[in-house]
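What follows is calculated from the coordinates using simple rules that are stated; it is not laboratory data. Everything quoted here is computed from the prediction, not taken from an experiment. A quick note on method: Cβ atoms are made from the backbone with ideal geometry, for glycine too, and the neighbour counts reach across all protein chains shown.
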Amino acid sequence: MSLLGRVNATDEAAGSDDVALRVDHVSKTFRVHHERANSLKAFVASGGRNRYDDFYALRDVSLEVRTGEALGIIGHNGSGKSTLLKCMAQILTPNEGEIVVNKRMAALLELGAGFHPELSGRDNVFLNAAILGMARKEIEERFDAIVAFSGLEEFIDSPVKTYSSGMYVRLAFAVAINVDPELLLIDEILAVGDVTFQQKCMEKFVELREQNRTLVLVTHDTGSVRHFCDRAIWLDHGTIKADGKPADVIDEYTETMLGAEETSQGGAVRRGSGEIWVERVELLVDGVADAPVRTGSKLTIRLHFDTSEVVPNPVFAVQISRLGGAMVCAPSSRDGDAVPESISGKGTVDIDVADLPLLPGPFVLHCEVTGYGRQHIYDHLQNAASFDVLSGNTDEVDGLVTLRPTWQVTGTGVHGKIDKQ
Amino acid sequence: MSLRTAVAHRNLLYLLSLKELRTRYRKSVLGWAWSLLNPISQMIIFTIIFRYVFQRPDPVGDPSGLETFPLYFLAGLLPFQFFSISVTAAIASVEGGASLIKKVAFPHEHLVLSIIVAQFVTLLIELAVLSVAFLLFGHMVLPWLAPMLLLMCLVAMFTIGVALMLSAANVFFHDINYLWGIVAQLLFYSSPIIFVAEEIQIAWLRAITNYGPTGSFVRAAQEIMYDGQMPSLARWAQVAFYSIVMFALGSWTFNRLSPRFAEEL
């Protein structure tokens, strides 16, 4: 029933002491009502029976989370990942199977649970922490740390209704993160607050990891699983589809998702004077279309163009950006010294990349045909293509590109080298 | 079960009750005065009806010798109102706690218990004010406050039982909310608050008012506070019986249903 009362729940299974949480053949069904009898009249009229179908949100799921592990659970909407997290958090009760929690657990499914706008920040900290399962003494001990973490010292005695939404989230997160659990369940709330606060949160997570705390993270964001977790589980239609190293699981997941979506032309926006235009963009890996793009791939970006008249010295350019983020590069055929005197009719432009330096993540490609001065725009195709880079020939994950670095550690006291882990 | 988790999480219960008390009347000008104004206004209305519309003589307290309908009325009304308001608020608190129940694992009964703790504090304040009124009318009520407190604890137990049962049932059948409005009225008029049970001529009607679940504790409260006499052992047994049965029934129902709250709300 309680969050913290579970610490000694099971010490029967000897040898499982490094298992923080065990999910044992868990199934969870929800009733899909045809005619929902949630009034007495309907209930009585149907003779005390509700007509419903059982919908399996989870079907016979088993897994073990080991102490010190950071597990990321991914999956599309309706895959059952949130249901699994809620079962782990003891919010939902499984229909079959059992969940054994061996550690002091806290679940962050919502920030500021039970916050009351009329109460002061101080009162809300105490209330929220108590709801999350902390004892009064613990709250008193950590109160200063919580307030310091939130950075709201001046406002702590004002009613929460006077807070901005940013302040509200900061206070809520400060409480949540200071519950100090051995096992922390998180439901995609990592991306809160401003950049400095996010930085603080990430530091806190890293600190928790260093302290050998166990983390379970449910999210859409494959990026944070890649960066943050050392194991990933892909949940699909209530069953575990893949379980293993984040890079492998996410690649498999992304490939399937891409296959499901086809190559969508939707979202492309075109402008320009139109004497020459890019019909479509093809991405070829080792000369093969629609193959997965990986770091280190031999990639060809092929632009298919068509013209309505003779166009003098046209310049082709592409721009590659992180989806919804920074531009990575914008090479043009002028920089590449490949501008023809004139073009008419149809043709293709190949941009060859021998060893793709992009790191795993979603990217988007825009392309453009301009005059030699780059001022006149014949054609601009925004979002001409989007693609996911999967992990390839480097272990780097943070950032957008790899510099292909080589490392040397020198010094009089430097001895030997350990094997890669 | 209910009681054990309540003790284990008494800090949460304490803070939720405190929140309940602090946020009540927050945006009103008169604030806490409302908790007294409500029974006083009812007292005025029913006194006018009793004395001038129906022209009944004020009940005589035996052996206190009091002959003041307003005091008789309040001695019965305050415990009853504690009961009825608590149940109404408890039903709303579980329904209103949906977002919390769906997102956090915590003992759900604390939503209900915190309401009743807060209402009990209000009741004690109201009874203190009523005691002053009794003293002003020359009735030495102070020695009677100890048995009254014991009685109120039994009433609280009864209230917890009913509140747990109905608030849990309401998650599955929202009609409970509306049905309770009618039942509360029925209980109010079937308890001897605005009339005197002994004056009822029809035997079975008199029995209902005297021995019904709310009538029992209303009578006991009137005997203690207004009449100034110890209720009979039979009366105590009656009140305790209703309290224990409802408490057990309510806890059992709530514990059975609460694991499914998160998916039903």
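Per-structure values
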{"item": "Only Lys, Arg (+1) and Asp, Glu (-1) charged, at Cβ; region A:269-390 dipole about Cα centre in debye", "result": "340"}
{"item": "Dipole moment magnitude, nearest 20 debye, the protein assembly as shown about Cα centre, only Lys, Arg, Asp, Glu C-beta charged", "result": "2340"}
{"item": "Sorted by Cβ neighbour density within 10 Å, fewest at the top, the residues B:K103, A:K298", "result": "A:K298, B:K103"}
{"item": "Sequence-separation-based contact order of chain A, relative, with Cα cut under 8 Å and 6+ spacing, percent", "result": "14"}
{"item": "Residue-wise HN-Hα coupling along region A:143-149, computed from phi with Karplus coefficients 6.51, -1.76, 1.60 (Hz; x: Gly, Pro)", "result": "3, 4, 5, 5, 5, 4, 4"}
{"item": "Estimated vicinal HN-Hα couplings, Hz - region A:321-329 in sequence order (Karplus 6.51, -1.76, 1.60; Gly, Pro = x)", "result": "10, 5, 3, x, x, 6, 6, 9, 6"}
{"item": "Using alpha carbons only: equivalent-ellipsoid semi-axes of region B:132-252, gyration tensor based, whole Å", "result": "28, 18, 14"}
{"item": "Under 28 Å from the Cα of A:K81 - lysines, other chains or at least 8 residues apart", "result": "A:K28, A:K103, A:K200, A:K204, A:K241, A:K245, B:K102, B:K103"}
{"item": "Long-range amide H partners of A:D388 with built H, under 5 Å", "result": "A:F363"}
{"item": "Calculated log₁₀ intensity ratio I(q)/I(0) where the Debye formula runs over C-alpha points of region A:138-255, q = 0.14, 0.15, 0.17, 0.21 Å⁻¹", "result": "-0.68, -0.76, -0.90, -1.19"}
{"item": "Where the Cα pairs of region B:190-265 fall when distances are cut into 10 Å bins, in %", "result": "18, 37, 22, 15, 8, 0"}
{"item": "Kirkwood hydrodynamic radius of chain B, from inverse mean 1/r over distinct Cα pairs, in Å", "result": "19.3"}
{"item": "Under the Karplus curve 6.51 cos²θ - 1.76 cosθ + 1.60, θ = phi - 60°, whole-Hz ³J(HN,Hα) for region A:210-219, x wherever Gly or Pro sits", "result": "5, 7, 6, 6, 9, 10, 10, 10, 10, 7"}
{"item": "Amide H partners (placed H, <5 Å) of A:R334, local residues excluded", "result": "A:F316"}
{"item": "Overall form of region A:373-412 per C-alpha gyration tensor (a/c, 1.5; a/b vs b/c)", "result": "oblate"}
{"item": "Pairwise Cα inverse-distance average, inverted: Kirkwood Rh of region A:269-390 (Å)", "result": "14.7"}
{"item": "Cα shape, region A:195-336, gyration tensor, a/c 1.5 rule", "result": "prolate"}
{"item": "Total charge dipole magnitude, chain B, about the Cα centre, Cβ charges on Lys, Arg, Asp, Glu only, Debye to nearest 20", "result": "820"}
{"item": "Between helix B:109-136 and chain B: long-axis angle, C-alpha atoms, 0 to 90°, nearest 10", "result": "20"}
{"item": "Average other protein chain Cβ within 10 Å of Cβ, residues A:116-126", "result": "3"}
{"item": "By average C-beta atoms within 10 angstrom, highest first, the peptides A:408-418, A:54-64, A:78-88", "result": "A:78-88, A:54-64, A:408-418"}
{"item": "Residues of type lysines that B:K27 reaches as a straight line, Cα spacing below 26 Å, ignoring anything fewer than 8 places off in the same chain", "result": "A:K161, B:K19"}
{"item": "Relative contact order computed over region A:269-390 (Cα-Cα under 8 Å; 6+ residues apart), in percent", "result": "35"}
{"item": "Fluctuation leader among A:K137, A:K200, A:K103 - chain A, Gaussian network, Cα springs under 10 angstrom", "result": "A:K137"}
{"item": "For a label point 7 Å along the Cα-to-beta-carbon line of A:H376, residues of region A:293-313 with backbone N under 13 Å", "result": "A:309-313"}
{"item": "10 Å Cβ neighbours from other chains, averaged over peptide B:96-105", "result": "6"}
{"item": "Order of B:W180, B:W204, B:W252 under a 10 Å beta carbon neighbour criterion, fewest first", "result": "B:W204, B:W252, B:W180"}
{"item": "Mean Cα-pair separation over length for region B:2-264, i.e. relative contact order, pairs under 8 Å, 6 or more apart, %", "result": "27"}
{"item": "Positive-end extreme of charge dipole, the protein assembly as shown - chosen from B:A118, B:V104, A:G336 (charges on Cβ)", "result": "B:A118"}
{"item": "Residues with amide H under 5 Å from that of A:R280, placed H, sequence gap 5 or more", "result": "A:H304"}
{"item": "Kirkwood Rh, Cα atoms: Rg over Rh of region B:125-174", "result": "1.26"}
{"item": "Inter-chain Cβ neighbour average for residues A:91-98, partner chain, 10 Å", "result": "3"}
{"item": "Debye log10 I(q)/I(0) for chain A, one point scatterer per Cα, at q = 0.13 Å⁻¹", "result": "-1.17"}
{"item": "Region B:21-91: trypsin sites (Lys or Arg not before Pro) falling in loop per DSSP and having at most 13 other Cβ within 10 Å", "result": "B:R26, B:K27"}
{"item": "Whole-angstrom gap from region A:307-350 to region B:61-99, using each part's C-alpha centre", "result": "82"}
